[in-house]
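Let me begin by presenting the structure, written as structure tokens, before commenting on it.
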Amino acid sequence: MPESTAPLPEPTAPEPGASEPGVSKPTTSGPAEPRPTAPRSRAPRPAMPRPTAPDPTPSGPSTLVPRLRGPGGRPLRVAHLTTVDMSLHLLLATELKVDLEAGFETYGISAPGPYVTDLEAIGVRHQPLHALTRAWQPRADAAAARELLAVLNRLRPDVLHTHNPKTGVLGRVLGRLARVPVVVNTCHGLWAQAHDPFAKRAFVLGVEAFAGRFSHAELYQNGEDRRTLSRAVPARRSRVVGNGVDLTRFATDPGDRARARARLRAELGVGPDELLVGGVGRRVAEKGIREYAEAARALAGKARFVWIGPDDPEKPDAHGAESGVEFPGPRRDMPAVYAALDVFVLPSYREGFSRSAMEAAAGGLPMVLSDIRGCREIGTHDEHLLLVPPGDARALTTALDRLLTEPGLRDRLGAAARCRAAAHFDQRAVARVSLETYAAVARAKALPWTVG
């Protein structure tokens, strides 16, 4: 049984997608010194700072984060654990930069891959786990667990922050076994939903409930996941933090945006008067690509349809080509991609808190999203976006047709989405909550940190 920790105060900000104003469901559907030992007596309840609405203008490091230093005033060692390096780079880059700005020794632990050089370029020290795979494979998982335990024993981090389903489980358990002082997990979206088979739901929720007993704090990107696990993870040590993107990437000069739009549309062979509809994400069936292609075929002649993103051959639902949709592959110039689009679509079956939809909102695009947890948090139906039932190609076709034939609706929803992104989707604000959480756990455990 893991050691108990003092409870974290209940967050006072509304949970995204729950009671937050303006969000609702549509009516239609190296060597280190010895570790300090945590006191066994119950520590006082830490005073967690209240979550606040993020400032749309990213703050500098001096005003963004609490001042944290390790024992003796040395820099804290903070490690983020994900399954693949792509997650570290694409999902956590801003959070990693905030850690670096705060003066932390910042580590990324994952399977090695093509994004390691990008991580190292910003100052993150990558630690590879060569046996780690995304799929659950008992033999490989045991080898990855041994690798992870060795890395933790060598690095002796002050904080282990886990992400992704499998590494969230392995990291929470092994982090406590390695006596990491602060273990925090972010749930980026439970990998089972109500429509999944009972056996899958029972396995996922059971594993998450077990792993949740080992962390000091649980951070959720959406309120629905927190409520789902409320019996296993007490509210006193969990909070909803939402999600965000690097808004500065989308705060471009209108002239620069127009040039990026023209360049990318020329690359894709899209004429200046053609409408371009696009989705962004891995090419897997759970993104709703089959329904998207069906809608594209039904609307042929009204627009061009593209899907931007990498193949994912390791996934059992990896998706091949579909008539009606062009697949240019992955790109790194995402602000230019959103500038080139006229309509964004994400008919996904499962999302934690959709990053591509937040980026599309920051880019001022009108959107059609699935009416699911992780997309509902992006905004309100018919105010910021349009929501359709997942797996319903006919409803998706109808919604896309509205946007293609009503330019005023496109303009209204795109402008509302941009304003909502500026007010609610700043990833630096999410990173600040992570640091506040580390500080709160440190106070609760009476760790010899300097917390300013």
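The values are calculated or read from the model by the stated rules, or taken from the named source; none is laboratory data. On a predicted model such as this, the values are computed, not experimentally measured, just so you know. So basically every Cβ, Gly included, is an ideal-geometry build from the backbone, and we count neighbours across all protein chains shown. In case anyone asks, the SASA skips ligands and DNA or RNA and just uses the protein heavy atoms, side chains included. Shrake-Rupley method; radii C 1.70, N 1.55, O 1.52, S 1.80 Å.
Worth a mention:
- Heavy atoms of residue 342: accessible area, 1.4 Å probe, square angstrom to 10: 30 Å²
- Accessible-area value, residue 356, 1.4 Å probe, nucleic acids and ligands omitted, Å²: 20 Å²
- Between residue 423 and residue 135, the FRET efficiency estimated from the beta carbon spacing at R0 = 45 angstrom works out to 0.75.
- Residues 449, 136, 307, ordered by accessible area of protein heavy atoms at a 1.4 angstrom probe radius and largest first, appear as 136, 449, 307.
- For the stretch 391-429, the residues whose backbone nitrogen is under 18 Å from a point 7 Å from the Cα of residue 273, taken along Cα to Cβ, are 404-407.
- In nm, spacing of pseudo-spin labels at residue 300 and residue 232 (7 Å Cα→C-beta vector): 4.6 nm
- Gyration tensor (alpha-carbon) shape descriptor, the stretch 74-228, a/c threshold 1.5: prolate
- Cα coordinate range in the stretch 293-442, projected on the principal axes (Å, largest first): 58, 41, 29
- Given their separation in residues at 0.36 nm each and the Cα-Cα distance between them, residue 199 and residue 249 gain 13.8 nm when the chain is fully extended.
- Among 198, 327, 344, the order of accessible area from largest down is 198, 327, 344, computed with a 1.4 Å probe on protein heavy atoms.
- Protein-only accessible surface order, largest first, of 252, 94 at 1.4 Å: 252, 94
- Residue 287 accessible area, assembled protein chains, probe 1.4 Å, Å²: 20 Å²
- About the Cα centre, charge dipole magnitude for the stretch 63-170 (Lys/Arg +1, Asp/Glu -1 at Cβ), debye: 340 debye
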